[in-house]
Amino acid sequence: MPSPVSNHIGGVFVPVRDIEAARDWYCGILGLEPGEVLFGHIYVLPMRDGSGLVLDSKGFERPHDAKPVFHFMTKDIGAAYTYMRDTGVELVGEIVDGVFFNFKDPDGNLLMVADVPLAPRS
């Protein structure tokens, strides 16, 4: 019997304290226009490709701060690093191996920008 569960990730949840502030920050670094908050605590970032990114302020206990849960893609790691630095994003170290760097969002979630995919592109 084939599995009724798809091998596609529908969304990655990121815990945030203030949904409107988080929406505005993420939209700002991604160059997106902020949209409507759902149910008073959820904001789904309109991502171009791949899984959705879901900000959720309900039940915030602590950030994802030990390892990045996902990474944003870039075609120019140097330009991405410079952009994030120049916009005041909290960078965590330098570019590693010429392919990625880590940063924190205002809630302390550890995130990454990389110019290599972790999974095959289709």
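The values are calculated or read from the model by the stated rules, or taken from the named source; none is laboratory data. All values derive from a computational prediction rather than experimental measurement. Here Cβ is always computed from backbone atoms with ideal geometry, including for glycine, and neighbour counts include all displayed protein chains.
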Next item on the list: Could you check how many residues of segment 87-118 are among the acidic types (Asp, Glu) and closer than 11 Å to Ile29 by Cβ?
Entry: 1
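Out of Ile42, Ile29, Ile19, I need the residue that is in contact (Cβ under 8 Å) with a residue 12 or more places away in the chain and more than 16 Å from Asn109 (Cα to Cα). Which one? Show your work before the answer.
Values: Ile29 fails: more than 16 Å from Asn109 (Cα to Cα); Ile19 fails: more than 16 Å from Asn109 (Cα to Cα).
Answer to the selection: Ile42.
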Next item on the list: Out of the residues in segment 6-34 that are loosely packed, with under 14 Cβ neighbours inside 10 Å and in contact with an Asp or Glu (Cβ under 8 Å, 6 or more places away or on another chain), state the one that is nearest to Ala80 (Cα to Cα).
Entry: Phe13
Next item on the list: Could you list, in sequence order, all residues of segment 35-48 that are touching a helix residue (DSSP H, G or I) at 6+ places or on another chain (Cβ under 9 Å), over 26 Å from Asp86 (Cα atoms) and not aliphatic (A, V, I, L, M)?
Entry: Gly40, His41
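Name every residue in segment 54-66 that is of a type in the set (A, V, I, L, M) and at pLDDT below 95, in order of residue number. Walk me through it before giving the result.
Of all residues in segment 54-66, those of a type in the set (A, V, I, L, M) come to 54-55, 66.
Correct list: Ala66 only.
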Note to self: I'd like the full set of residues that are polar (S, T, N, Q) and loosely packed, with under 15 Cβ neighbours inside 10 Å, limited to segment 46-60.
What the structure shows: Ser51
